[in-house]
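Here the structure is laid out as structure tokens; the discussion comes afterwards.
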Amino acid sequence: MELLDQIQSIVREAETALASAKTENDVETIRAKTIGRNGAFTALGPLMGKIPPEEKPVAGRAFNEAKQTLLAKIEETKNRIADSAAESAGETIDVTLPGRKWHAGRKHPVCQTFDECCDIFRRMGFIATSGPEIETVFNNFDALNAPADHPSRSMVDTFYFADGRIMRSHTSPVQIRTMLAQKPPVRIVAPGRCYRRDTPDATHGVYFHQIEGLYIDTDVSLADLKSTLMAFAAEFFGEGIRVRMRPSFFPFTEPSVECDFTCVMCGGKGCKVCKNSGWIECVGAGMVNPNVLRNVGYDPEQCQGFAFGMGIERLTMIKHRIEDLRLFSENDVRFLEQF
Ligand code: DAH
């Protein structure tokens with residue numbers, strides 16, 4: 001078959017040319033001439049059209065195989081040229097040198113806790129959501145039932161921008177964003193960074209991380225909140241951790257509770273870390289205040305729910321027995337490598 005002969009001679013010629021190619025440019029020229037868009041293979045097109053149908057499969061296969069062979073040869077030649085260039089530049093590999101250790105990075109402990117929390121809550125049906133760190137005063141305070149003269153606002157007074165927006169002081173504004181964007185039911189967790197005007201010490205920083213939870217439906221109670229937190233604590237810290245609720249106050253929940261987990265250091269017997277109480281305060285929570293529901297256009301007669309917020313650094317410190325919050329932001333690999 002004339003076509004097969006032609007294919008073969010293109011390949012043979014190209015192979016000879018490649019064998020004596022000295023530069024990448026030489027290779028590129030050969031490539032363009034053969035398998036390039038205006039190359040010899042493309043030129044065979046009309047011949048291909050003329051061959052009888054029964055010979056088409058054979059011709060087609062030969063055509064493709066020849067192309068593959070050439071592609072491989074071209075790669076090979078490129079590598080040969082690159083190697084010899086490196087060699088003549090004196091870049092030989094000294095195989096007697098000791099190997100260099102490869103330091104793989106890892107996730108920051110705070111991110112690991114985020115991942116773990118989101119994973120646990122995801123298995124309970126909570127969808128992980130996020131919101132911006134620069135927030136409106138409405139989302140951060142007003143819609144959460146904390147008007148301008150509310151004392152809780154000065155407690156967390158935060159960083160203001162000239163246009164009146166702020167660095168969010170908690171992840172609770174994600175509740176507002178989510179509820180404004182969708183109808184009930186809602187079941188989300190929102191991990192993220194928050195900012196407060198604090199003087200850094202072992203337990204305070206100007207920023208920290210929280211995970212917020214929100215569950216709104218037609219029939220949600222404080223008992224659901226407790227069982228959710230119990231399930232979380234058992235997964236995160238291990239079986240045997242108990243959850244205790246104490247009355248508290250947040251403008252966005254009514255009733256509000258503070259939740260403690262059994263101290264993981266002493267198992268509840270009392271130690272320095274839990275100040276001999278056997279409990280460690282970990283969660284702010286409560287039933288979403290009807291005013292908050294009204295602020296986002298929900299009907300408190302139709303739905304209700306719980307919300308909670310937990311400090312990620314705190315959870316991480318308890319779990320790994322870390323004593324100083326500042327370690328999280330110092331980026332000392334000797335610390336980070338342990339997790
Ligand atoms: N936003 C609160 C804080 O930063 C934590 C919190 C308390 C979140 C109660 C909630 C909640 O969703 O219901 O201290």
| message | Just to confirm a number: summing +1 for Lys and Arg and -1 for Asp and Glu over residues other than T203 whose beta-carbon lies under 11 angstrom from that of T203, what do you get? | response | -3
| task | Pull up the cross-link candidates among the aspartates and glutamates for K33, meaning alpha carbon to alpha carbon under 18 Å and not fewer than 8 places away within one chain. | result | D5, E13, E15, E24, E65, E75, E76
| query | Dipole size in debye (nearest 20) for the chain around its Cα centre, Lys and Arg Cβ +1, Asp and Glu Cβ -1? | reply | 420 debye
| Which of the trypsin sites (Lys or Arg not before Pro) found in region 220-298 are loop residues per DSSP with 10 or fewer other Cβ atoms within 10 Å of their Cβ? | K272
| request: Give me the distance between the Cα centres of region 59-124 and region 293-308, rounded to whole Å. | output: 53 Å
| Proximal lysines to K56, defined as alpha-carbon separation beneath 17 angstrom and excluding residues fewer than eight positions away on the same chain | K67
| query | Using a 1.4 angstrom probe and counting only protein chains, how large is the accessible area of V273 in Å², to 10? | reply | 70 Å²
| query | In bins 10 Å wide, starting from 0, what share of all Cα pairs of region 234-285 does each bin hold, as a percent? | reply | 27, 45, 24, 3
| remark: Once the dipole of the chain is set up from charges on Cβ (+1 Lys and Arg, -1 Asp and Glu), the residue from the list Q302, I81, P184 lying farthest towards its positive end is Q302
| said: Taking the full set of protein chains and a 1.4 angstrom probe, give the accessible area of I322 in square angstrom, rounded to the nearest 10. | reply: 20 Å²
| query | Taking Cα atoms, how many degrees apart are the long axis of helix 222-237 and the longest axis of the chain, rounded to 10 and kept between 0 and 90? | reply | 50 degrees
| query | Which value, in Å² rounded to 10, gives the accessible area of K67 with a 1.4 Å probe and all protein chains present? | reply | 70 Å²
| What percentage of all Cα-Cα pairs in the chain are separated by more than 32 Å? | 53 percent
| query | So what's the angle, to the nearest 10 degrees on a 0 to 90 scale, between helix 109-123 and the longest Cα principal axis of the chain? | reply | 80 degrees
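Over the chain, what is the relative contact order in percent, taking alpha-carbon pairs closer than 8 angstrom and at least six residues apart?
Details: 498 pairs, mean separation 48.3, N = 339.
Value for the chain: 14 percent.
Per-residue ellipticity at 222 nm for the chain, helices alone: DSSP H runs ≥ 4 residues times -39500 (n - 2.57), over residue total, nearest 500 deg cm²/dmol? Each step should come with its number before you reach the end.
On the way: 14 runs with 144 residues, N = 339.
Rounded to the nearest 500, it is -12500 deg cm²/dmol.
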| request: Report, in degrees rounded to the nearest 10, the 0 to 90 angle that the Cα long axis of helix 2-19 makes with the longest principal axis of the chain. | output: 70 degrees
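The values are calculated or read from the model by the stated rules, or taken from the named source; none is laboratory data. Quick caveat: nothing in here was measured; it's all calculated off a predicted structure. Cβ: placed from backbone, ideal geometry, glycine included. Neighbour counts: every protein chain shown. Surface areas here come from the heavy atoms of the whole protein model, side chains and all, with no ligands, DNA or RNA. Shrake-Rupley method; radii C 1.70, N 1.55, O 1.52, S 1.80 Å.
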